[in-house]
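The structure appears below as C-alpha cells.
Since every read-out is calculated from the coordinates, none of them should be taken as a lab result. In this text, all values refer to a predicted model and were calculated from it rather than measured experimentally. Virtual Cβ from ideal backbone geometry, glycine too; neighbours counted across all protein chains shown.
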C-alpha cells in the first residue's frame, strides 16, 4: 500500500474544528489507514487575497484506494463539510488535496500527482516536512530543499 500525503485547508466556519473532524472522516474511509497528522498552521490566503486566513495541515495515510478513487472520496468529504466550488482559490469550509501518492507521477484532466503547487506553498511544505522531514519527490529530490525559496504565507505566532 502506498503512503500518501493529503493537504487539508479551511477558512470558513470553525476551521480548526473542521480540520480535526475531516481527519476523522478520512481515517474512517474503507481502505485508508491513518499514520500521522501535522500541527495546524495559519496562513494568509493564496490566490484570492480578500478572504479570511486559512488553517492548514497535512495528513499521512496508507491507502488501498487508487488515486482517482481517493480523489473522489476526498471530494465527497469536502461536500459533506459544505464545500461549494464557486471561485478558484476562493473561501471554503474544507479543501483536501492529494499532495503525493507513493512514488507515483501522473497527470490527467482531474488529478495531477505530485500536486502541481506543492513546492510553491510553505503552508503545505512546513506541515509536510513536520511529519516526513526526509521525504523525497518521485524523481528523488528532497522536498526540504524547496522550502528556503518558497513564498511565505504562514503567519508566525
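Brief remarks on what is shown
- Shape parameters for region 3-149, alpha-carbon atoms, Rg then Dmax in Å: 14.2, 39
- Residue order, fewest to most surrounding Cβ atoms within 10 angstrom, among 43, 50: 50, 43
- Gyration tensor analysis over the Cα atoms of region 11-63 returns equivalent ellipsoid semi-axes of 25, 11, 9 Å (largest first, whole Å).
- Structure-based [θ]222 nm, the chain - -39500 (n - 2.57) summed over DSSP H runs of at least 4, per residue, nearest 500: -7500 deg cm²/dmol
- Relative exposure of 40, 26, judged by other C-beta atoms within 10 Å (fewest first): 40, 26
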